[in-house]
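To keep things clear, I will list the structure first and then write my remarks on it.
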Amino acid sequence: LNTKKIEHIGIAVKDLEETMNFYENMLGLEKMAVETVEDQGVNIAFFQLGETKIELLEPLNDESPIAKFIDKRSEGIHHMAVLVEDIEAKIEDMKEKGARFIGDKPTKGADNMKIIFVHPKTTNGVLLELCEPLDEEDK
Ligand code: ZN
């Protein structure tokens, strides 16, 4: 099962506007989109960087997993996302090999992707997201 590339790096931030100023105006990256994902309690901004993206995540409220992350660990790199070809098959294959996931099946994430997180116990500390673009009919 093909694992294609690092799709994006997710970064937890307190203030999206302020952080976007750095990536857009100082570093000079192209802003692709800003969107809200209520399910995950986040505002998200994407910047293109070659074949990959930077994903900035700002918590919407104190219950957001990103708010909890910032409380415990401070702002900074939150997760790495890898693009896979068939996410359901990949999850099954990894489960057979002993991987643990956060949740049972993929959910709809930002950027029209199906996503799931691998448990950090499985990856020795990295929060790893698997993602695959949604089919047209699932959008
Ligand atoms: Zn992500």
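Using only Cα atoms and rounding to the nearest 10 degrees, what angle (0 to 90) does helix 87-96 make with the longest principal axis of the chain?
60
Do the sum for the chain: with -39,500 (n - 2.57) for every DSSP H run of n ≥ 4, divided by all residues, what is the mean residue ellipticity at 222 nm, to the nearest 500 deg cm²/dmol?
One gets -5500 deg cm²/dmol as the mean residue ellipticity at 222 nm.
When the Cα centres of the range 76-105 and the range 19-41 are compared, how far apart do they sit, in Å?
25
Taking the Cα atoms of the chain alone, what are Rg (to one decimal) and Dmax (as a whole number) in Å?
For the chain, the Cα radius of gyration and maximum Cα-Cα distance read 14.9, 45 Å.
Keeping the other protein chains in place, figure out the carbon and sulfur percent of the accessible area of the chain, with a 1.4 Å probe.
The value for the chain is 48 percent carbon and sulfur by accessible area.
Can you give me the accessible area per residue for the chain, using a 1.4 Å probe, in Å²? Please list the in-between numbers first.
Details: 8070 Å² over 139 residues.
On a per-residue basis, 58 Å².
The values are calculated or read from the model by the stated rules, or taken from the named source; none is laboratory data. Quick caveat: nothing in here was measured; it's all calculated off a predicted structure. With ligands, DNA and RNA removed, areas are computed over all heavy atoms of the protein, side chains included. Shrake-Rupley method; radii C 1.70, N 1.55, O 1.52, S 1.80 Å.
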